[in-house]
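The values are calculated or read from the model by the stated rules, or taken from the named source; none is laboratory data. Here the structure is a predicted model, which means the values were calculated and not measured. Cβ placement follows ideal geometry from the backbone for every residue including glycine, while neighbour counts extend to all protein chains displayed. Surface accessibility is based on the protein's heavy atoms, side chains included, excluding ligands, DNA and RNA. Shrake-Rupley method; radii C 1.70, N 1.55, O 1.52, S 1.80 Å.
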Amino acid sequence: MEQPTPLTDADRTWAAVAHLAPLVGYFILIGQILLPVVILLWGPKSAFVQVHAKESLNGQISYTLYGLALLLLAMTVVGLVVAVPLAFALVVLVLWNMIQGALAAGRGGTYAYVLILRLVP
């Protein structure tokens, strides 16, 4: 039986960065999606880092789609009165998941974002 490779500090750091890098990416057009993709494709090939990068990527794609849907709803059906509180709730959810994912990565565990689409297997 093969022993699993122990996690290094670098693995835990890269996994935490995969969750927190989208905070910077929000200031760049679709950067919140591109930064986890960069870590997934060109970051460490450790299975631990890959799992966290995929989870972050799935979360950012999902939350971006939810934000676009809210924007569309605000402009057409429900208006700002309903869309603004929903957008605030979405921001809180996004930040909560990113922080929890980074904390779990730092501890060497995993974290599953809530309310996301699993588009990247």
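Applying a threshold of 8 Å to beta carbon distances and a minimum spacing of six or more residues, or different chains, the list of pairs starting in region 51-68 at a residue that is touching a residue at least 60 places away in the same chain (Cβ under 8 Å) and ending at one that is open to solvent by 10 Å² or more (accessible area, probe 1.4 Å) and in a helix (DSSP H, G or I) reads Lys54/Leu40; Leu57/Ile33; Leu57/Val37; Leu57/Leu40. Among the residues making up region 78-121, a single one is among the aliphatic types (A, V, I, L, M), over 23 Å from Leu34 (Cβ atoms) and open to solvent by less than 40 Å² (accessible area, probe 1.4 Å): Ala83.
Is one or more of the residues making up region 57-72 more than 9 Å from the chain's Cα centre (by Cα), of a type outside the set (A, V, I, L, M) and open to solvent by 80 Å² or more (accessible area, probe 1.4 Å)? Within region 57-72, not a single residue is more than 9 Å from the chain's Cα centre (by Cα), of a type outside the set (A, V, I, L, M) and open to solvent by 80 Å² or more (accessible area, probe 1.4 Å).
Output the number of the condition that Leu95 fails; it satisfies all remaining conditions of (1) out of contact with any helix residue (DSSP H, G or I) (no Cβ under 9 Å at 6 or more places or on another chain); (2) more than 20 Å from Thr8 (Cα to Cα). (1) is the only condition that Leu95 fails.
Among the residues of region 44-53, those identified as open to solvent by less than 10 Å² (accessible area, probe 1.4 Å) and either in contact with a Leu (Cβ under 8 Å, 6 or more places away or on another chain) or not hydrophobic (A, V, I, L, M, F, W, C) (or both) are His52, Ala53. I need a count of the residues in region 20-77 that are out of contact with any helix residue (DSSP H, G or I) (no Cβ under 7 Å at 6 or more places or on another chain), more than 24 Å from Gly108 (Cα to Cα) and not small (Gly, Ala, Ser). Within region 20-77, residues that are out of contact with any helix residue (DSSP H, G or I) (no Cβ under 7 Å at 6 or more places or on another chain), more than 24 Å from Gly108 (Cα to Cα) and not small (Gly, Ala, Ser) number 11.
Going through (1) modelled with pLDDT under 95; (2) surrounded by fewer than 18 Cβ atoms within 10 Å (Cβ to Cβ); (3) assigned to a helix (DSSP H, G or I); (4) not aromatic (Phe, Trp, Tyr) one by one, Pro22 falls short only on (2).
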